[in-house]
Amino acid sequence: MTQTKRIASVLAVALLVLASSRSARADEFDHLMVITFSAPVQIPGEVLPAGRYQFSNPDGDRHVVEIRSADGSNRYATLLTIPEERSTATDETVVKFEERSVGSPEAIRAIFYPGETTGVAFLYPTDTK
C-alpha cells in the first residue's frame, strides 16, 4: 500500500470516528465521552472491537483514562496518559490515530475533549530491539 493510500485510510477512519462522535456525550467533571468506532481500534495492551465506549478521567484525574462499555458495566482498561496539545479547539470530541501496518487496527494516539486544546495521549510500549 502506498504512503498516500495509507494516509487516506487513516484520515477516513478518523473522519468516521469524528462523525460518529458528533453526538458523543461529554461530561465536564470527569470528561466523560461516549465514542462509537466503526472498526476495531488499538489501545495500549488491547484491541477494542467496533462498538460504543465510555472514555473518562476517573475522579477528574487528567493523567488517567478509563475505558468502559457504553453502559458503563464493563471496564476494558485504565490507562496512564500524558498531555497532548493541538492548536485549535473544536466543539466535538476528536480522536487522533497512529499509523499501523496494513491489516492491523488503527491505534488511538490521543483524544481531545470538546472545547479544549489540551488532550490526553496514550502511552504505548516501544520496541526495544
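The values are calculated or read from the model by the stated rules, or taken from the named source; none is laboratory data. Quantities reported herein were computed from a predicted structural model and do not represent experimental measurements. No Cβ is skipped: glycine too gets one built from the backbone with ideal geometry, and neighbour counts run over all protein chains shown.
Of all the listed residues (100, 109, 62), the sole one being at pLDDT 95 or above and either within 13 Å of the chain's Cα centre (by Cα) or part of a loop (DSSP other than H, G, I, E, B) (or both) is 109. Residues in the range 75-116 that are in contact with a Lys or Arg (Cβ under 8 Å, 6 or more places away or on another chain), exposed (fewer than 13 other Cβ atoms within 10 Å of the Cβ) and among the β-branched types (Val, Ile, Thr): 102 only.
From the list 126, 93, 118, pick out the single residue that is within 18 Å of residue 51 (Cα to Cα) and of a type in the set (S, T, N, Q).
On inspection, the qualifying residue turns out to be 93.
The residue pairs whose first member lies in the range 67-79 and is without any contact (Cβ under 8 Å) to a residue 12 or more places away in the chain, whose second member is part of a strand (DSSP E or B), and whose beta carbons are closer than 6 Å, counting only pairs six or more residues apart or on different chains, are 75/68.
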